[in-house]
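First the structure, in the form of C-alpha cells, and then the observations on it.
The values are calculated or read from the model by the stated rules, or taken from the named source; none is laboratory data. Since the model is a prediction, treat every value here as computed from it, not as a measurement. A quick note on method: Cβ atoms are made from the backbone with ideal geometry, for glycine too, and the neighbour counts reach across all protein chains shown.
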Amino acid sequence: MTRLSENGFDVTADLLEDMARGAAFLGAGGGGDPYLGAMTALHAIQTYGAPHCVPASAIGDDDPVYTAAMMGAPTVMVEKLTGIEEVEAAIAALERVMGKPAKAILPAEIGGLNALVPVAVAAKRGLPLIDADGMGRAFPELQMVTFAVDGVSTSPLAVCNEHGEYHVINARNNKASEDAARRLVIEMGAAVGVSCYPMDGATAKRSAVHGTLSLAYGIGKAISDGRRRGDPFDSLIAYLKSTDYYNKCGIIFSGKVVDLDRRTERGFTLGACKVLSNEGDGSELEVIYQNEYLRARVGDRTLAIVPDLTCILDAETAEPITTEGLRYGQRVKVMGVSCAPVMRSKAALDLFGPRAFGLDEPFRPVEDLIVAA
Amino acid sequence: MRIGVDVGGTNTDAALMDGDAVVATTKTATTRDVSSGVVSAISAVLAEKGQSPASIDVVMIGTTHFTNAMVERRGLARVAVIRLCLPATRSLPPMIDWPADIAEIIGSDVYLAKGGYEFDGRKINDLDPDELRGIVADIKRKGVPNIAISSVFAPLNAEMEQRAAEIVREVYPEARVTLSYEIGRVGLLERENATIINAALADLAVDVVEAFRNALRELRISAPLYISQNDGTLMSAEMVERYPVLTFASGPTNSMRGAAFLSKAKDAIVVDIGGTTTDVGVLVGGFPRQASSRVEIGGVRTNFRMPDVLSIGVGGGSLISDKDGVKVGPKSVGYRLTEEALVFGGKTLTASDIVVAAGAVEMGDPSLVRDLDPSLVEAARALINQKVNEAIDRVKTSAAKAPVILVGGGAVLVTGDLPAASEVIRPEHSSVANAIGAAIAQVGGEIDKVYDFNALGREAALDIARGEARDRAIEAGADPSTIAIVHVEEIPLAYLPGAVRVNVKAVGDLLATKAQRMKGAAAE
C-alpha cells in the first residue's frame, strides 16, 4: 500500500479517481455524486496545477482558514454544474467581511462531492489545502460538524451563485444559519458555493477531524488495489485497521437487497432498505437513512448507528452504493466503521447522534455492537 | 403485411408478419455493406411463402450499427459544441470527461454562450443573438457543419435551444444541428455527451439510412421504412437521419418486446441466450424496465433510457474448462461456433457440446461428444443452469417467483429447472425474437421534466405531463385513438419542497399500419 506523505503531498490528477471513490465510501450513502467534484478538480488541476495538501499542524495558529463547499439540490447541481467560481466568490465575500485573506482552504465535509471541491479551489487560489474536515463523513445539515461541537459559529456564512450574487448570513445560532441558508439557496437557483465557519489555524487544529483527505485516497486506493488482486474487502479492511480513527470496522452483513422504501420529507430523502442474508437463515438487515445511512439493525439488535458509518458496498467490487443507487436484487456487503473519537463526545452526539435524527436509542460504538453480535 | 429486420453484429434476422401472425422467419449473416444482408434476409422471408414486394405495408429495422460505430470509433464526424449557460457551468466545459482517442476525432470546437434556465423555469441569462451569430460564423469559418447545442435545464424549456438552432440556420444554412432536449434528460454533462455523439453520427446516419432505402428499392418494396429506438418504439427513417443516437440499445429492447409478444406475457423476465452472453431483463407491462444508472457508450457517460439488462458470460459458444473445478465462459468462440465446437468437428469444448452430450438437444454430430466424461457433462450442465437461475434471481423486482421467457439461439442451454421462475415459457420463433420485436413496435412520446406540485397541484401537473407525452406520440406518427400512457414516474427532489421530476411515456399504433389494416379489411 502506497501511503501519502504525512508531511504533505501534491493532489495530482492521478489521485482523483481513488480519492473520489474513498469520498463516496465516507459519504455513507450520501454527500452527492463525487464524480462532479472529481471532474471539477481535474479541470482545475489541469488549468492551475496540483494544490499542496498539508496537515493542519503545518498551518500557523493565526492563519485565517476558510471552508469551501457546494450546497443545494443534487438534481440541480448535475444540470447547473456548480463551479469553483461560485465557491471562490463565497470565500472572497467572507474574506471581505472578516477583513483577512485566506492562508489555507479547509474541507468542511469529506463524504461525497464536497471532498473534491476544496481541491479545485486550493488549486485555483494557489493556497495550501488542509488534510482534514469537519466530520470525517457526510451529514445533511451545516451545523452537523465538529467545528460547531467546539463552539465555532457557522456565521458569518456566505453563499454565492453563478452570477456572483452573494448573501452573507449572520444568524443567532447555527441551526438558524442552516435554515436561512437553505431558503436562500433555493431562491438563488438551488446550486451555490458556500463558505462558513471562518476560523484561525489554531481552531482548525483543535476542532477538525484530521487526515481525512489522505484517508479518502487511502480507502479508494485500497479498494482499487484489492480489485486487481481479487480481494477488495480484505484490502479495504486491512487499510482501515491501519488508520487512527476508522480501525474498528467489519462486514456486519452480506446479502441481497430485497426491499426499498424511499420518500422525500422536509426536503430530505428518507427511507429504509432491507437486505436478506446470504446464510439462508432468513435473517434480514434493515438500514434506515436520511440522505446518509443512519442505522443498521437485525430485528431489534443494532449493529451500527450514526455517527459511526454504515456503508453499503457492491459485494463483488466493493464499490460504495449511495441511497439513490440502491436497487432491488443488488448483492451487497454492509460495513460498520468507527468514526473519529471527537465525533462521539456528548456535545457531538447532541448535534449529530441518533436522537438528532429522530432515532429513539442511545449511541453505542460499533466495536461494542459488533463484538456483542 | 409487415417485415421486421434486426441487423446485429453477427446475424441479420427477418420476420414477416400478418397482423399478429408470424408468417415466415430467417437468420442470415450480417454483411459489411449492411444493405446486401438486409436484401438477402427480406428476400428469404418473402420467398418462403411466395409473397410479392407489393404486399408489404411497412418495414421496421432494428440496428446496432450506430452503437458499434461509436464503440469502434468508426465513421464519426468532427463536431462543434455550443452550450447556452453563461455565467453558469464554466468549471466543467463540454467533453471534459471524454476518452482522448474519441475527443481527438470530435475536435475541440467548444463554445459557451449566455443562456440557460433555472430548475423553476427562470432564466439564468437571456440569449444573446449577436453573440451566437459570432460563434456560428466562427464555426462556419472552420468548416464544421455538425453542431451540437445544449442548454441548462433544456428538458424544462427548449425555447433557447430552438432559438439558437434558428440562428444557425440563418448564418450557416448547410449545418446539421442536434438539440439536447430532443436527446436526453436532466443531467447536463450526460445529455450533452449524447447530443455530441448524435452530431458525430450525422454523416454515417445518412449513409446507413440510404443503405436501408437502397435495399428496399432493390427489392422493389415501396412501403414506408421505420427504425427502432432504444425504448422499443419506432422512428421514421427521416428521424433516424437526424437522431441516430436514439437507436442505441434497440437490440435488447426489441428482443424483450418480441419475447413479450410471442409469449403473451406482460410482466415477466426475459432471458436472451446468444453465442457469447445471456442477457436478462425485466418486462413491466410489456415494456423493458429501464436502467436508473448512467450508461457508458464507448467510454462516454450518457443518461439514455436503456433497458436494465444484466449480461453474464454464458452462451452457446462459451468455453468449458475443468481445471480446478468446472467453469463456463466468459470466453466464447462466438460466431465461429459452427467451426470450433466439438459437435461441428472443431477442437473446442463449448456449452453447446455439453447440452448435446447430455442428450438435451440435437445439433451437429452427437457422436463427436460421446466420449466426454459424464461427470463433467453433468457438472457443466448443472452449472449453466445455476448461472442462468442466479441471473434471473438478481434482476427480479420482488422476492416472488416470476414467469421466465427463454429466447435467442442459445435457449436450448437451459435444460433443468429454474427455481427462481414460476414457469418457463419457450415461445415459437424465439430465435428471431428481436426481428419480431421490431415488426410489432409502436410509436411513442416521452417527457422528463421537473414540475412544481405546490404551485400546480399534483393532479394538474401530471395531466400536463400526460398531455405533452401524448402530443409527442402523435407527432411521431401514432394513431391518437390508440395512445395509452404506459409509464408515469414521480421522483421528489431532495432539498426542494414541492419540486417533482416526472417521467411519462405514451405509446400508440403506427397510423400508417392502421390505415393499411383498414384498407386490407375493406378489400376483404
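Laid out as a table, the results:
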quantity	calculated
Residues being surrounded by fewer than 20 Cβ atoms within 10 Å (Cβ to Cβ), of a type in the set (Asp, Glu) and under 18 Å from the mean Cα position of the chain (by Cα) - total across segment B:1-39	0
Sole residue being in a helix (DSSP H, G or I), surrounded by 24 or more Cβ atoms within 10 Å (Cβ to Cβ) and away from chain A (no Cβ under 12 Å), chosen from B:Ala194, B:Ala148, B:Ala165	B:Ala194
Residues being more than 17 Å from A:Gly27 (Cα to Cα), among the charged types (D, E, K, R) and under 14 Å from the mean Cα position of the chain (by Cα) - total across segment A:64-120	0
Count of segment B:115-133 residues which are under 21 Å from B:Ala148 (Cβ atoms), touching a residue at least 24 places away in the same chain (Cβ under 8 Å) and surrounded by fewer than 19 Cβ atoms within 10 Å (Cβ to Cβ)	2
Residue satisfying condition, being within 13 Å of another protein chain (Cβ to nearest Cβ) and farther than 30 Å from B:Asn389 by Cα, within set A:Asn247, A:Asn278, A:Asn291	A:Asn291
Some residue of segment B:397-410 being assigned to a helix (DSSP H, G or I) and modelled with pLDDT under 95	no
Residue count for segment A:297-333, restricted to those that are part of a strand (DSSP E or B), away from chain B (no Cβ under 11 Å) and more than 16 Å from A:Gly27 (Cβ to Cβ)	7
Condition met for A:Met98 (surrounded by fewer than 24 Cβ atoms within 10 Å (Cβ to Cβ) and away from chain B (no Cβ under 13 Å))	yes
Residue in segment A:167-176 that is surrounded by 24 or more Cβ atoms within 10 Å (Cβ to Cβ), modelled with pLDDT of 95 or more and on the phi < 0 side of the Ramachandran plot present	no
Residue match in segment A:159-175 (condition: closer than 25 Å to B:Arg122 by Cα and touching a His at 6+ places or on another chain (Cβ under 9 Å))	yes
Counted residues, segment A:334-372 - those being assigned to a helix (DSSP H, G or I) and not basic (Lys, Arg)	19
Residue ID - surrounded by the most Cβ atoms within 10 Å (Cβ to Cβ), chosen from residues in segment B:489-508 that are of a type in the set (A, V, I, L, M, F, W, C) and at pLDDT below 85	B:Ala499
Matching residues, segment A:357-373, being touching a helix residue (DSSP H, G or I) at 6+ places or on another chain (Cβ under 8 Å) and surrounded by 17 or more Cβ atoms within 10 Å (Cβ to Cβ)	A:Phe363, A:Pro365
Single condition B:Ala438 does not satisfy, out of (1) assigned to a helix (DSSP H, G or I); (2) of a type in the set (A, V, I, L, M, F, W, C); (3) surrounded by fewer than 18 Cβ atoms within 10 Å (Cβ to Cβ)	(3)
2 or more residues under 15 Å from B:Glu192 (Cα atoms): qualifying strands (runs of 3 or more DSSP E) within segment B:55-120	B:80-86, B:109-114
Qualifying positions in segment B:222-236 - in contact (Cβ under 8 Å) with a residue 40 or more places away in the chain, within 17 Å of B:Ala506 (Cβ to Cβ) and not aliphatic (A, V, I, L, M)	B:Asn230, B:Asp231, B:Gly232, B:Thr233
Among the residues listed as A:Thr82, A:Thr67, A:Thr75, A:Thr47, the single one being modelled with pLDDT under 95 and either basic (Lys, Arg) or not in a helix (DSSP H, G or I) (or both)	A:Thr82
Strands (runs of 3 or more DSSP E) completely within segment B:211-318 that count 2 or more residues being closer than 26 Å to B:Val38 by Cβ and at pLDDT below 90	B:234-236
Residue that is farthest from A:Leu16 (Cα to Cα) [pool: residues in segment A:226-235 that are modelled with pLDDT under 95 and in a helix (DSSP H, G or I)]	A:Arg229
Residue match in segment B:168-175 (condition: closer than 20 Å to B:Leu204 by Cβ, assigned by TED's automatic domain parsing to the domain that holds B:Gly121 and either surrounded by fewer than 18 Cβ atoms within 10 Å (Cβ to Cβ) or touching an Asp or Glu at 6+ places or on another chain (Cβ under 9 Å) (or both))	yes
Residue match in segment B:319-335 (condition: assigned to a helix (DSSP H, G or I) and touching a strand residue (DSSP E or B) at 6+ places or on another chain (Cβ under 6 Å))	no
Candidate set from segment A:271-295 (those that are farther than 18 Å from A:Tyr328 by Cβ and buried (at least 16 other Cβ atoms within 10 Å of the Cβ)); member that is modelled with the lowest pLDDT	A:Asn291
Search result, residues across segment B:361-387 that are in a helix (DSSP H, G or I) and either within 36 Å of the chain's Cα centre (by Cα) or over 14 Å from B:Leu342 (Cβ atoms) (or both)	B:Pro374, B:Ser375, B:Glu378, B:Ala379, B:Ala380, B:Arg381, B:Ala382, B:Leu383, B:Ile384, B:Asn385, B:Gln386, B:Lys387
